[in-house]
Structures are given as structure tokens and as C-alpha cells.
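Below is one structure, written out as C-alpha cells; comments come after it.
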């Protein structure tokens, strides 16, 4: 090409100097077109216009600012187009942009020891992960201060607190229970902090809990509590299946009490004693007689034991007992006898209509054992976690911490748990989640799994 330009200009009688410069210009144009594509006026080769060894290939488009590191480095095609402005970008520039980006990542990469603590990228709220809840603490006339032993903050130093609602998702409650309004547990930490359990269900759907396991209203199917009975609870009963079917506003309440601590000689009352006639029981209830207590099975309160109370079982929690309670989501309660307290309503007729004279299931030693308690609505077990373990077999379970402390850990997030806290592990957590006890503080867990209905 160079000699062609020189010969043509010379034949035309032009100056040799002009011929040389003309040939150089033609050669430069052809070379630029070959390496830079059909339009050599496109992507500038240096961002600052510098020349020589100090010049750097650009890492972004000089026209629109688009990062070349976002383009795929295909050397065989020689070019890629900027998606913002359409300029052609040679592969050499794209490759350099990728190299510079990698160098910057390596330069700012934290050490492995710190990455798990301060520098782990935040877990997205869209990735299902274990969630821990803020409890709802309720004053009760029969309550005390023992919930403080489970790490609960009791705001009024002179008040009696009887219930800590750990996990609740109820559209309505009874006026004498939780005040009559809706109660939905709030997430205490993590990307969903401040949102409710229902918000998490709406966000994660079946990954949190399949529809077949949810309540009839689409909510969480269990109500989880800690109870401190400083004084005797009322002799009471919850709606039987027959009563609930005939009264839409009454809801079944099958529950289990797992005894955590008890004063010496403390008892609970479970079911009507064999041989007690319905007529005699109803007469004592109508008379408000304390004789009704003697008609119940009195059972020693032994820490570690679990008592299964199907809805319709007459029962009372005795004074001096601290329990974890797992139940179906209802607080419909009918009182038969209230130990001489005044000012609290009794519900004699509906209570008698619901009372079962069938024997209650026997207690099971649960906490610290491999035993299982199964109802029609959920099953309970106990776990001791002494070393780090995958979360696989805890997915879809409620976890109540009865002793110890630890974390749910993942490369992208850590969720702390400690004595008295309650968490739910979604049915489909992202792979890689583990549960890790604090060294020297193994975790004792009460674990509840909801069961499909129908």
C-alpha cells in the first residue's frame, strides 16, 4: 500500500515529501481500520490521551461511561459493541478491563478470618434463612417473674407476667386471652427485622412453609409460648372437635406442656379421674365447689416431662411450674373453676359441653431424650447440639432454646440464638446453613414440626 501511494503521487508529478506523508497516512488508516473495525473513529484508545509506556487501555467507554468489564471477552470475534452507545470495542480492551477488575477485587479482598465477621455480604431478604422472633409478654393474674430466667425483659417490676408468646400468627384472639386483636410475631434480627411472620410467609411462600401445613387462614399453624404459673391457673377446657364444628367462633386448642422447672411438690391437673360421673362433675361445676379439683388427675410436675392435652381435656397448670407450650393457634378457653378469684368470668355451660371424660395420654419424658410426642397437628422432640451441624434435619421446624447459646451460620449471614429464644427454620433454606453452639455451652432445643391436615 505504501509503495502504491508513493508511485501514484510521483507519477502525478508531486513532491516526494508529500508522497511519503500521503503513503504513511493511507497505511495508518488501513491499519486502524483492520484493528479497530470499520469505523476507526469509535472507542478512544486511552482515557487521558497519553502516549507511550504510561498510557493505559481504557476500562470504560469514553463516550457513555459503560464499563468494559461487563462485556464478554471473545477474542475470536475481535470486537463487541457497547450496549449503551453502540461503539465497537476491540477484544484487547475488553480483556484489559477484565484484568483490571480482577486486580481491584484481589486488592480489596479481606482476609479469611475477617470475611466471616465484618465483611460477609448481607443475606438477601429473598433468600430463606432461619428467623428469630421478638416475644410478646403478657401480664396474668396467676403469673410471676420466672420468665426472667429465660432471658425475658419484664418491663414493670411490680407486675405479674404469665405468658411469653414466642411465635404467633393469629387474625383474632379472645378478649380474656391476648386482648381480642390480631397477634403476629415480629422478626427480631436479620434482613427481615421488623417484619411479621405473615410477611415472611407472603415473601417466601412454600420455601418457608408449604400451603398444606398452614392454618385455614393461610397463617403459621402453631402458637408457641413459655408459661410461668406462679399461682394455679383456672380449671379449664378448650373446645372439643364437636363443639368447634357447631360454633364457628370457637377454635380447637390441642396443646403440649413441656415442664422446664417446678417447685418442690408442684403438680399439674390433667383430665377427669376414672369413675367420676358426669352428673357429679357438672354439679360441682355449677356450685363453684373446690371439690371439682379433687375430681381431676393430679400429676407431679417433673422437669423434662411432656404432657399431651388434646382439645376437650379438662386441665389446670399448678402453682410453681414453668413450661414451654406448643399448641394449635387458638386461645379459646372456657373456665370451670378459678380457685376463689373474683372478677374473672366463668364459662360453665360451654365448658361442660366440651369436657371429655376419656383418659388423657400419659406423660412422656421428652427433654434430653430421643422420645417423640405426636399429636394430630404437630410432633415434638428434643435435640442436644454439642458441635456444629448442618441444618438439614431442622428445616421446617420451630426451635425453642431451653439452654445454651449459639448461631445459625452461613457464608453470607449469622443469626444468633440464646436461652429462651424461639426461631423457625424455613422448609427450604439455602444450602450451607449450619447450627453452631457456643464453645462450652451446648444447645438444648425443644423442636416442633407442624403436620399436614386433611
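Can you name the residue in segment 149-176 that is buried (at least 18 other Cβ atoms within 10 Å of the Cβ) and either modelled with pLDDT under 95 or over 21 Å from the mean Cα position of the chain (by Cα) (or both) and is also farthest from residue 238 (Cα to Cα) among such residues?
154
Among the strands (runs of 3 or more DSSP E) lying completely within segment 358-453, list those that include at least 2 residues that are out of contact with any helix residue (DSSP H, G or I) (no Cβ under 6 Å at 6 or more places or on another chain) and over 27 Å from residue 302 (Cα atoms).
Because the criterion is at least 2 residues that are out of contact with any helix residue (DSSP H, G or I) (no Cβ under 6 Å at 6 or more places or on another chain) and over 27 Å from residue 302 (Cα atoms), the strands (runs of 3 or more DSSP E) in segment 358-453 that meet it are 405-410, 413-418, 434-437.
Under 7 Å by Cβ, and 6 or more places apart or on different chains, what pairs join a residue from segment 145-163 that is closer than 18 Å to residue 319 by Cβ with one that is in a helix (DSSP H, G or I) and modelled with pLDDT of 95 or more?
Close Cβ pairs (under 7 Å, with a partner that is in a helix (DSSP H, G or I) and modelled with pLDDT of 95 or more) amount to 161/147.
Being touching a residue at least 60 places away in the same chain (Cβ under 8 Å) and more than 38 Å from the chain's Cα centre (by Cα) is the filter; apply it to segment 265-290 and report the residue that is nearest to residue 367 (Cα to Cα).
For segment 265-290, the residue satisfying everything is 272.
Residue check, residue 262 against (1) surrounded by fewer than 22 Cβ atoms within 10 Å (Cβ to Cβ); (2) in contact (Cβ under 8 Å) with a residue 60 or more places away in the chain; (3) more than 35 Å from the chain's Cα centre (by Cα), all met but one. Which one?
Only one criterion is unmet by residue 262, namely (3).
I'm told residue 382 meets every condition in (1) buried (at least 17 other Cβ atoms within 10 Å of the Cβ); (2) over 14 Å from residue 222 (Cβ atoms); (3) under 13 Å from the mean Cα position of the chain (by Cα) except one. Can you identify the failing condition by its number?
Condition not satisfied by residue 382: (3).
The values are calculated or read from the model by the stated rules, or taken from the named source; none is laboratory data. Given the structure is predicted, the values throughout are model-derived calculations rather than measurements. Positions of Cβ are backbone-derived with ideal geometry, glycine not excepted, and every protein chain shown enters the neighbour counts.
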